[in-house]
Amino acid sequence: MVPALQKFTVRKNDMVMVIAGRDRGKTGKVLRVMPVRGRVIVERLNIVKRHTKPRGAASPGGIVEREAPLDISKVMVMCDRCNAPVRVGIKFVADGSKSRVCRRCGDVLGD
């Protein structure tokens, strides 16, 4: 049975800052959000080394560095106007749709 999907305020292509762990204080772009696992992959952050087997001539084996998933609670969305990590709020627009807003300045976050 698949667990219920939780709604998160972090989306793909958001700029986020890591607020805990070994990469604390670094920023990067979200490459992938995994809502079932509650994790995100951030570009050039949480780099791990993986030992890979050779798979024919096209992909030789070796040690490959790649991004590992981070827990979504360890990242905060960056506001372009504040230039700081912020909490995200939800506001209803006049046409009835929802948009994400910065709790600090009230600016709409890239939707």
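The values are calculated or read from the model by the stated rules, or taken from the named source; none is laboratory data. All figures in this text were calculated on a predicted structure; none of them were measured in a lab. All Cβ positions, even for glycine, are placed from backbone atoms using ideal geometry, and neighbour counts span all protein chains on display.
Here are the numbers for this structure:
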item: Residue within the range 26-34 that is among the basic types (Lys, Arg), assigned to a strand (DSSP E or B), touching an Asp or Glu at 6+ places or on another chain (Cβ under 6 Å) and at pLDDT 95 or above present; result: yes
item: Residues of the range 9-29 classified as farther than 17 Å from ALA84 by Cβ and either over 10 Å from the mean Cα position of the chain (by Cα) or surrounded by 17 or more Cβ atoms within 10 Å (Cβ to Cβ) (or both), total; result: 3
item: One residue from VAL48, VAL10, VAL16 being closer than 22 Å to GLY110 by Cβ and in a strand (DSSP E or B); result: VAL16
item: Failed condition for GLN6, given (1) surrounded by fewer than 11 Cβ atoms within 10 Å (Cβ to Cβ); (2) among the polar types (S, T, N, Q); (3) at pLDDT 95 or above; result: (3)
item: Flag if GLY38 is closer than 15 Å to SER73 by Cβ, small (Gly, Ala, Ser), surrounded by 11 or more Cβ atoms within 10 Å (Cβ to Cβ) and out of contact with any Ser or Thr (no Cβ under 7 Å at 6 or more places or on another chain); result: yes
